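The values are calculated or read from the model by the stated rules, or taken from the named source; none is laboratory data. Everything numeric here is computed off the predicted structure, so don't read it as measured data. Neighbour counts run over all protein chains shown; Cβ positions are idealised from the backbone, glycine included.
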2 protein chains.
Amino acid sequence: MSKLVGTGQCASCAIRHLSIFANLKPTRLDNIPFRPLVTRYKAGETIYLQGDKANTLFTVRSGIVKVTKSLADGRSHILYLETAGALLGWDSFLESCYTQSAIAVSDCELCQLPEADLERLRRNDRDVDTAILQRWVTSLRRAESRMLDLSTRKGTEKLASLLLEWYADAAPGSWVELPLTRGELGEILGLTVETISRFLADWRKRGLISEEHHKIRIDDPDTLKNIAAGNNRKSRTSSP
Amino acid sequence: MSKLVGTGQCASCAIRHLSIFANLKPTRLDNIPFRPLVTRYKAGETIYLQGDKANTLFTVRSGIVKVTKSLADGRSHILYLETAGALLGWDSFLESCYTQSAIAVSDCELCQLPEADLERLRRNDRDVDTAILQRWVTSLRRAESRMLDLSTRKGTEKLASLLLEWYADAAPGSWVELPLTRGELGEILGLTVETISRFLADWRKRGLISEEHHKIRIDDPDTLKNIAAGNNRKSRTSSP
DNA sequence: CGTACAATTGAGAATCCTCAAGGGTAGTGG
DNA sequence: CCACTACCCTTGAGGATTCTCAATTGTACG
């Protein structure tokens with residue numbers, strides 16, 4: 001199960017520059033009126049479940065968290081993959097229940113921010129308030145971009161985009177950890193396991209990517225970018 | 001073009017109970033330090049465009065507004081349909097550009113809320129702040145539900161749900177205005193004009209709905225609810 | 001009454017899903 | 001150490017769904 005590591009020292013936190021406290025001056029940090037609990041989760045462990053009473057927000061310190069949403073009949077979807085610095089659990093602000101579940105994809109470490117404490121801090125500190133507001137708008141933008149992707153783009157376009165985005169910060173030609181199963185990739189993009197498997201197999205054969213264990217390498221980024229841009233579509237000539 | 005009607009009197013506003021000022025006590029309303037401009041738009045007119053400098057939020061007073069997002073290649077999608085009480089233009093909080101466009105679907109009347117004024121009010125008034133925060137979380141939830149719908153549900157399920165939702169507040173068996181074209185319905189659900197047209201034609205033939213001019217009536221809500229729930233799927237028996 | 005746009009309908013094809021079978025891999029317990 | 005299990009991945013065949021292209025009809029509005 002998840003393990004409590006201790007209480008965080010925000011002033012000396014290694015990922016503070018990514019967090020909502022990034023812009024707080026050191027003197028202000030002393031005013032943070034609570035010490036967030038730091039919890040460690042192993043891959044596959046649940047952080048919170050859709051339907052649980054929502055009264056805590058979380059900041060990801062390390063690892064990858066998938067945020068999923070399920071339908072009554074069992075169909076589900078991965079809404080976001082969150083990494084270091086992300087803030088989870090907005091539903092807490094409504095003092096209701098979580099409308100999604102959060103699950104560790106890799107081993108993770110998270111800070112717990114009780115809603116009441118964070119709310120008090122937000123009201124008293126303009127920088128924290130602004131940081132939260134910005135994250136909020138950014139989350140909404142991201143969700144809206146995903147809606148556009150889901151509704152207008154083909155499977156190959158979406159998968160190619162996801163790989164490139166995942167790979168964005170990596171050195172060209174290097175191996176990158178991809179701790180997601182085919183099923184999870186499908187749940188992000190709205191495709192089935194088999195479809196993902198077929199696309200990746202095809203791209204491996206064509207020399208666009210290589211895979212080994214749970215690592216992936218992009219060998220032909222240009223072609224992949226073309227696919228992501230939809231240039232493999234049948235005919236979309238702009239000439240009359 | 002859009003026409004300026006005048007400046008709003010929040011205290012006596014007919015839709016205040018739906019707005020972010022709903023919970024302000026009458027005495028507090030006098031403290032609203034600005035008079036929102038009220039503007040009228042005719043069907044089809046643009047309220048703001050993706051890429052415009054974002055410094056104004058809007059409250060819908062009457063009519064229906066579609067909020068759309070476009071890809072570089074021209075493909076686009078309707079993110080939301082907004083009605084009385086809705087707040088638009090969150091991007092203004094980031095002092096950047098609008099990442100969507102807002103267009104009047106029917107004749108509309110909107111209040112303009114300059115970001116700077118609203119921001120000042122939000123910081124000074126806890127109720128306004130809470131109201132905005134709640135709308136934010138609600139918007140995010142709605143976007144996430146739509147993501148789930150777009151990625152997991154079939155066309156018929158989505159269209160049936162949309163009609164039922166649209167019809168939710170109407171009396172059973174009554175005619176309801178549906179000012180959306182087939183193309184717009186498709187842009188909401190991620191389907192083409194032709195697909196929408198075929199679904200509706202089929203349902204008309206089967207006696208589930210009736211259409212006349214731009215009005216629609218649901219004749220067999222039960223069957224439609226079944227379709228929306230996915231009960232027309234091939235086989236999903238839970239027995240072994 | 002012409003023009004522009006919306007809706008319909010058909011035919012064929014692209015895309016993706018479902019079902020099914022088989023192979024690989026990692027962890028577990030005797 | 002090995003069998004066993006569970007889970008993930010792959011691949012094929014067939015079919016459901018939806019798109020694309022094209023032609024036609026209907027409708028609103030100046």
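Scanning the range A:89-118 for residues that are part of a strand (DSSP E or B) and under 17 Å from B:Arg135 (Cα atoms) turns up just one, A:Cys97.
Considering only the range B:145-173, state which residues are within 14 Å of chain A (Cβ to nearest Cβ) and within 23 Å of B:Ser106 (Cβ to Cβ).
Just the residues of the range B:145-173 that are within 14 Å of chain A (Cβ to nearest Cβ), to begin with: B:145-155, B:157-159, B:161-162.
Matches in the range B:145-173: B:Arg146, B:Lys158, B:Leu159, B:Ser161, B:Leu162.
Per the listing A:Arg206, A:Arg217, A:Arg198, the residue uniquely modelled with pLDDT of 90 or more, surrounded by 14 or more Cβ atoms within 10 Å (Cβ to Cβ), more than 8 Å from DNA strand D (Cβ to nearest atom) and away from chain B (no Cβ under 14 Å) is A:Arg217.
Name the residue that is nearest to B:Gly63 (Cα to Cα), counting only residues in the range B:165-190 that are among the acidic types (Asp, Glu) and surrounded by fewer than 22 Cβ atoms within 10 Å (Cβ to Cβ).
Checked the range B:165-190; the qualifying residue nearest to B:Gly63 (Cα to Cα) is B:Glu177.
Screening the range A:165-195 for residues that are among the acidic types (Asp, Glu) and within 16 Å of DNA strand D (Cβ to nearest atom) and picking the one that is nearest to A:Leu71 (Cα to Cα) gives A:Glu187. Report yes if B:Glu95 is more than 9 Å from every other protein chain (Cβ to nearest Cβ) and without any contact (Cβ under 8 Å) to a residue 60 or more places away in the chain, otherwise no. Criteria met by B:Glu95. Could you say whether any residue in the range B:150-164 is outside the structural domain of B:Val105 (by TED's automatic domain parsing), surrounded by fewer than 21 Cβ atoms within 10 Å (Cβ to Cβ) and more than 16 Å from DNA strand D (Cβ to nearest atom)? Yes, the range B:150-164 contains a residue that is outside the structural domain of B:Val105 (by TED's automatic domain parsing), surrounded by fewer than 21 Cβ atoms within 10 Å (Cβ to Cβ) and more than 16 Å from DNA strand D (Cβ to nearest atom).
Exactly one residue out of A:Ser139, A:Ser235 is modelled with pLDDT under 95, among the hydroxyl-bearing types (Ser, Thr, Tyr) and within 11 Å of DNA strand C (Cβ to nearest atom), and it is A:Ser235. Per this entry, A:Ser139 is not counted among residues that are in a helix (DSSP H, G or I) and either of a type outside the set (S, T, N, Q) or more than 14 Å from the chain's Cα centre (by Cα) (or both).
Counting only residues that are assigned to a loop (DSSP other than H, G, I, E, B) and either touching a helix residue (DSSP H, G or I) at 6+ places or on another chain (Cβ under 8 Å) or within 9 Å of DNA strand C (Cβ to nearest atom) (or both), which one in the range A:164-179 is nearest to A:Lys215 (Cα to Cα)? Explain how you work it out, then say what you get.
First, the residues of the range A:164-179 that are assigned to a loop (DSSP other than H, G, I, E, B): A:168-175, A:178-179.
Subset that is either touching a helix residue (DSSP H, G or I) at 6+ places or on another chain (Cβ under 8 Å) or within 9 Å of DNA strand C (Cβ to nearest atom) (or both): A:172, A:178.
Numbers: A:Pro172: 14, A:Leu178: 5 Å.
Only one residue tops the list, namely A:Leu178.
When each of A:Val176, A:Val193 is tested for being away from chain B (no Cβ under 13 Å) and within 24 Å of A:Gly85 (Cβ to Cβ), the lone residue that passes is A:Val176. The condition (being at pLDDT below 95, crowded, with 20+ Cβ neighbours inside 10 Å and either more than 9 Å from chain B (Cβ to nearest Cβ) or within 25 Å of A:Leu178 (Cα to Cα) (or both)) is satisfied by just one residue among A:Leu118, A:Leu79: A:Leu118. Among the residues of the range B:121-149, those that are among the basic types (Lys, Arg) and surrounded by fewer than 20 Cβ atoms within 10 Å (Cβ to Cβ) comprise B:Arg123, B:Arg126, B:Arg135, B:Arg141, B:Arg142.
Kindly indicate which of A:Ala72, A:Ala84 is closer than 21 Å to A:Val137 by Cα and not in a strand (DSSP E or B). Outline the logic, then answer.
Details: A:Ala72 fails: closer than 21 Å to A:Val137 by Cα.
Result: A:Ala84 is the single residue among A:Ala72, A:Ala84 that is closer than 21 Å to A:Val137 by Cα and not in a strand (DSSP E or B).
Considering the range A:187-212, the residues that are in a loop (DSSP other than H, G, I, E, B) and without any contact (Cβ under 8 Å) to a residue 24 or more places away in the chain include one that is farthest from DNA strand C (Cβ to nearest atom), namely A:Gly207.
Facing chain A (nearest Cβ under 8 Å) and without any contact (Cβ under 8 Å) to a residue 12 or more places away in the chain, is that true of B:Arg141? Yes: the conditions hold for B:Arg141.
Taking first residues from the range A:145-156 that are touching a residue at least 40 places away in the same chain (Cβ under 8 Å) and within 18 Å of A:Ile227 (Cβ to Cβ) and partners that are within 14 Å of DNA strand D (Cβ to nearest atom) and not in a helix (DSSP H, G or I), the Cβ contacts under 6 Å between residues at least 6 apart in sequence or on separate chains come to A:Leu150/A:Gly190; A:Gly155/A:Leu191.
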